[in-house]
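Visitor: Before I ask anything, let me first share the structure, which is written out below as structure tokens.
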Amino acid sequence: FSFSSSFIQTQYFGETWIDFLRAWPRVRFPRGEEPMAVILAKAEASELPAVAEEFGQGIGRLAALCRKLQRAAGDGPFYLGCRTAGRLLGVHHATANGWLFLLIAEGVLQEVEKGSQAKRRASRYRYLAEL
């Protein structure tokens, strides 16, 4: 019996079942319901920040995400990695990193702590614009 799918990389059902049984305990959220995806959806449902008018919708969506993350974090800083931002916004992580840099330069964000891919730790920010 041969089995093929764009999601399943094995050929035989037994191997596929083994892969499933190993992976299933690591699933924490249904696809699309991860906390960051939910926060982004809520951010996009609200009015985009003024920075969106000046720099475009992509950067505006990122600013809206950061505003929502700051609201969730309260007075403390929030975590956001450029790879996570890129994945959520559908852009390369280098583009997301540039957008974060721009939001810092424009005074929309403050970088509180620099993240590190080697340490698997996202940067921490504060949203400084109007919440």
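The values are calculated or read from the model by the stated rules, or taken from the named source; none is laboratory data. On a predicted model such as this, the values are computed, not experimentally measured, just so you know. Note that each Cβ is placed from the backbone with ideal geometry, even for glycine, and that neighbours are counted across all protein chains shown. Calculation scope for accessible area: heavy atoms of the full protein, side chains included, ligands and nucleic acids excluded. Shrake-Rupley method; radii C 1.70, N 1.55, O 1.52, S 1.80 Å.
Visitor: Using r as the Cβ-Cβ distance of A41 and D75, and R0 as 30 Å, what FRET efficiency do you calculate, to the nearest 0.05?
Guide: For A41 and D75, the calculated efficiency is 0.80.
Visitor: Find the accessible area per residue for the chain; the probe is 1.4 Å, ligands and nucleic acids are left out, and the unit is Å².
Guide: Dividing the accessible area of the chain by its residue count gives 68 Å².
Visitor: Moving to a separate point now. How fast does the chain diffuse by Stokes-Einstein, in µm²/s, taking the Kirkwood radius from C-alpha pairs at 10 °C and 1.306 mPa s?
Guide: Result for D is 96 µm²/s.
Visitor: Give me the net charge for the shell around A50: Cβ to Cβ below 12 angstrom, other residues only, Lys and Arg +1, Asp and Glu -1.
Guide: Counting the neighbours of A50, the net charge comes to -4.
Visitor: May I pose another question? For Q70, what is the net charge nearby, where nearby means another residue's Cβ is under 14 Å from its Cβ and Lys, Arg count +1, Asp, Glu -1?
Guide: +3
Visitor: Let me ask something additional. What percentage of the solvent-accessible surface of segment 19-79, computed with a 1.4 Å probe over protein heavy atoms, is contributed by carbon and sulfur atoms?
Guide: Carbon-and-sulfur percentage of accessible area, whole number: 53.
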